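The values are calculated or read from the model by the stated rules, or taken from the named source; none is laboratory data. If you're wondering where the values come from, they're calculated on a predicted model, not measured in any experiment. Here the Cβ positions follow ideal geometry from the backbone for every residue, glycine too, while neighbour counts run over all protein chains shown. Accessible surface areas use protein heavy atoms only, side chains included; no ligands, DNA or RNA. Shrake-Rupley method; radii C 1.70, N 1.55, O 1.52, S 1.80 Å.
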Amino acid sequence: MRWIPFAVLSLALARCGGDEPAWRQLAAKCASPRSGTNDQKGTVDDEKKWLRAWTDDLYLWYREVPAVDPAAYATAIDYFNALKTPAVTASGKPKDQFHFTYDTAQFEQLSGSGVEVGYGITLAALSRSPPRQYIIAYVEPGSPADTGKLARGAQIMKVDGADLVNATDQASINTLNAGLFPVTAGESHAFDVLDSGQTMTRQVTLVSANVTSASVPPALVLSISTTTGPVGYMLFNDLNQPAEQELRDAINRLKAANVTDLVLDLRYNGGGLLDIASEFAYMIAGPGRTAGQTFELERFNDKHPTTDPLSGQTIAPTPFYSTGQGFSVSPGAPLPSLGLGRVYVLTGPGTCSASEAIMNGLAGVDVQVFQIGATTCGKPYAFYPQDNCGTTYFSINMQGVNAKGYGDYADGFSPGATTGPGFPGCSVADDFGHALGDAAEARLAAALSYRASGACSGAATTRAIVSGGLRGDGEILKPLWRQNRIFRR
């Protein structure tokens, strides 16, 4: 079988048994069946056949997948990694940057609870090659890194004695990775750090734990007084299941404060559940602009122009949900709203997927979106995460468009863009020298200044751009499961 050309094999597997797709019949034939599931005894080759059938039927760019020999790959995961388009975007980056797998049990635990092993830090890699520069971008309240141990703006210099800045030998690289990204709770690692504004390093010991991330930290839901009325600010980090209730609580607080505008900080929000993105967009805009409107419409490949191939239902747009969808708010419970006609969004390269969908969805119903910061990641695509034999596969199934039919931003949204995707606003580097929510922090200060003047010039914006200590952008080091646009079915 392995010598059959894939052009022929794909046709042979297109349908097995009437109208049922091949991947449904090939599913759950596993080299190592799990107890307590519907797994059947199979082989690695069976798992590979399922992957190819799934890809040929459901991958958004199935026509562009190379005809690779499955026998050349030792595992199903290795084979899956080859089953994606090699094409690039207009900027030259890979068209599909979002092709990955997760252990199914781990993914379900992570996405359902927001709990993962670590120290509670979000790292920004301003340089990943020597001389490396890894900066603490955010510290989770109550985490092992909190309570005075680490703060935003600290640069990690060494881990367990290994030089993070300059190391090139494999032994040091292994030490660095083991310390930065612990696998189990209870691991103890020593960090030499250089705090923002300091010239001498200090050492701190961190012990990994099961850390629960707050999608919307309560301490960073603020009402900022201005001469033209109170302005809301909120940091929003993840679109996971607990976020549904956290967002509801945050909007109620801002509504009680009678805010007249909102600065929404999405700079570290890699995405998550699209339904919650829809709910939050409703909570910003309110019923007047969103009733009966499309938040996002998903387009599958040309094999499935009208029917969702997973649910079997006619493709219908995701609306702006005005009630809870049962993630952490009771199904049907009404959601509060601010009824705003504009929003100021703080973005960076870590702003990705479902968080970009919030911006695009609001723009689709004529809510003015102003963008302050840096270009977003560029992911107008979505998955149906699919388990087979204990591995959950994330293979892009669809592209989302807003109520105006727009969704072409594979190179991201850029602030102030005039020739490509983006929104009016200002390019401002991340300011690690100030705490998030501090009105002097560069991006927040620029948003407040832009709100007052409608321009990126002026004394307040200039101060924000040229002052504030350590700054940059780089890559936000978040696990892939937190950089998604995920659907239920």
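Shown is the FRET efficiency for H304 and A82, computed with R0 = 22 Å from the Cβ-Cβ distance and rounded to the nearest 0.05: 0.40. Sort the chain into rounded, prolate or oblate with this rule: let a ≥ b ≥ c be the square roots of the eigenvalues of the Cα gyration tensor; rounded if a/c is under 1.5, and if a/c is not under 1.5, prolate when a/b is larger than b/c, oblate otherwise. Oblate, since a/c reaches 1.5 and b/c is not below a/b.
Spin-label model, N258/S35: points 7 Å from Cα along the beta carbon direction are separated by 6.4 nm. List, in the order given, every pair from K48/K95; K48/K303; K49/K478 whose Cα-Cα distance in the structure shown is over 27 Å. K49/K478, as the Cα separations exceed 27 Å there. Across region 119-124, rounded Karplus estimates of 3J(HN,Hα) from the backbone phi angles (6.51 cos²θ - 1.76 cosθ + 1.60, θ = phi - 60°) give 10, x, 10, 10, 9, 10 Hz, Gly and Pro being marked x. By definition, a body whose alpha carbon gyration tensor gives a ≥ b ≥ c is prolate when a/c is 1.5 or more and a/b is larger than b/c, and region 65-169 fits this prolate description. On full extension, the segment bounded by Y406 and D146 gains 89.5 nm, given 0.36 nm per residue less the C-alpha separation. When all protein chains stay in place and ligands, DNA and RNA are ignored, the 1.4 Å accessible-area order of K255, K404, largest first, is K404, K255.
Here the accessible area of region 202-263 is 53 percent carbon and sulfur, with a 1.4 angstrom probe and all protein chains present. Nearest 5 is fine: what % of DSSP beta bridges in the chain come out antiparallel, could you say? Of all bridge pairs located within the chain, approximately 65 percent are antiparallel. The calculated FRET efficiency for T419 paired with A291, based on their beta-carbon distance and R0 = 30 Å, is about 0.30. Let me make sure I get this right: for region 269-329, a, b and c are the square roots of the gyration tensor eigenvalues over alpha carbons, sorted descending. Under 1.5 in a/c it's rounded, otherwise prolate if a/b > b/c, else oblate. Which is it? Taking the square roots of the gyration eigenvalues as a ≥ b ≥ c, region 269-329 is prolate. Counting only protein chain heavy atoms and rolling a 1.4 Å probe, the accessible areas of R267, R248 rank, largest first, as R248, R267. The angle between the Cα long axis of helix 442-453 and the main principal axis of the chain comes to about 70°, on a 0 to 90 degree scale.
Counting only alpha carbon atoms, the long axis of helix 243-256 and the longest principal axis of the chain meet at about 30°.
Accessible surface calculations at 1.4 Å, restricted to protein heavy atoms, place the chain at 40 Å² per residue. Computed over protein heavy atoms with a 1.4 angstrom probe, the accessible surface ordering of F300, F383, largest first, is F300, F383.
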